[in-house]
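Colleague: The structure's right below; bear with me while I get my questions together.
No lab work stands behind these numbers, since they all come straight from the coordinates. Everything quoted here is computed from the prediction, not taken from an experiment. Virtual Cβ from ideal backbone geometry, glycine too; neighbours counted across all protein chains shown.
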Amino acid sequence: DPRDALGLTIESGKAVNHKKTKQAFYTPDEIADRMMSAAIIECGMTVLEPSCGEGSIIRAVLRWEPHVERIVGLDTDADALARIASDPRVSLETRDFLAAEPTAFDRVVMNPPFAKGQDIAHVTHALRFVVGRGRLAAIMSPSWRTSDTKKARAFRALLDQQASWRVE
């Protein structure tokens, strides 16, 4: 309800940019669908969406594979999670993905926050959740390719170690 935000703005005298403070740049449906073609989610698989926001990637998973066993969605924004439609295959948790202990998933699909190399940290952590012949599909800022930061160099080295990984 925009009245809540307007009321806080009037009361405090300051406008809050929710997208900026929460890094809440939600995935458009056409991009989420493109991710599904790369993720190759199949019947009976388990899926993690570690920065699920309002659930556009979760909805894409359900569209592409209605017989997925389980989807776990994590986000720090409880208000965004509350806007995701209920589905018995979907479990939602309000928590910081980077603090989550790795558990096994067949697929991880994600659009993490980008600011200050957060996407690198999120994708690196997400790799610990992918098991066996699992897959990770992530939207990332292109800065990891050209940045000279220690974090970007380490990420490129990690990718170079895995000849079978496909980077688009």
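Colleague: Scan around SER51 for amide H atoms under 5 Å from its own, H built in the peptide plane at 1.01 Å from N, and keep only partners 5 or more places away or cross-chain.
Modeller: Residues meeting the amide H criterion: LEU74, ASN111.
Colleague: So, one more: How much of the pair distance distribution for the stretch 60-168 lies past 23 Å, counting alpha-carbon pairs only, in percent?
Modeller: On the way: 1946 of 5886 pairs.
The share of Cα pairs beyond 23 Å in the stretch 60-168 comes to 33 percent.
Colleague: Alpha carbon centre of the stretch 45-80 versus the stretch 120-168: separation in Å?
Modeller: 21 Å
Colleague: Continuing with this model, one more query. Around VAL108, which amide H atoms from residues at least 5 apart in sequence, or from another chain, sit under 5 Å from its own amide H, with H modelled in the peptide plane?
Modeller: Hits under the 5 Å cutoff: LEU48, ARG135, LEU136, ALA137.
Colleague: Quick one: 3J(HN,Hα) in Hz for the stretch 62-70, Karplus 6.51/-1.76/1.60 with θ = phi - 60°, rounded, Gly and Pro as x.
Modeller: Ordered by residue, 3J(HN,Hα) equals 5, 5, 7, 9, x, 9, 5, 6, 7 Hz.
Colleague: Please compute the alpha carbon radius of gyration of the stretch 35-75, then divide it by the globular-protein estimate 2.2 N^0.38 Å. Two decimals is fine.
Modeller: 1.03
Colleague: Using the Karplus curve 6.51 cos²θ - 1.76 cosθ + 1.60 with θ = phi - 60°, what ³J(HN,Hα) values do you get for each residue of the stretch 40-45, in whole Hz, with x for Gly and Pro?
Modeller: After applying 6.51 cos²θ - 1.76 cosθ + 1.60, I find 6, 7, 10, 3, x, 7 Hz.
Colleague: In whole Hz, what ³J(HN,Hα) sequence does the stretch 47-55 give by Karplus (6.51, -1.76, 1.60; θ = phi - 60°), x for Gly and Pro?
Modeller: After applying 6.51 cos²θ - 1.76 cosθ + 1.60, I find 10, 10, 10, x, 9, 6, x, 8, x Hz.
Colleague: Sticking with the crude label model, points 7 Å out along Cα→Cβ, report the distance from ALA78 to SER143 in nm, one decimal please.
Modeller: That separation, rounded to one decimal, is 3.1 nm.
Colleague: Counting only C-alpha contacts under 8 Å and six or more residues apart, can you give the relative contact order of the stretch 30-168 as a whole percent?
Modeller: 22 percent
Colleague: Given the convex hull of the Cα atoms of the stretch 124-168, what is a quarter of its surface area in nm²?
Modeller: Working: hull surface 13.7 nm².
In nm², the orientation-averaged hull projection of the stretch 124-168 is 3.4.
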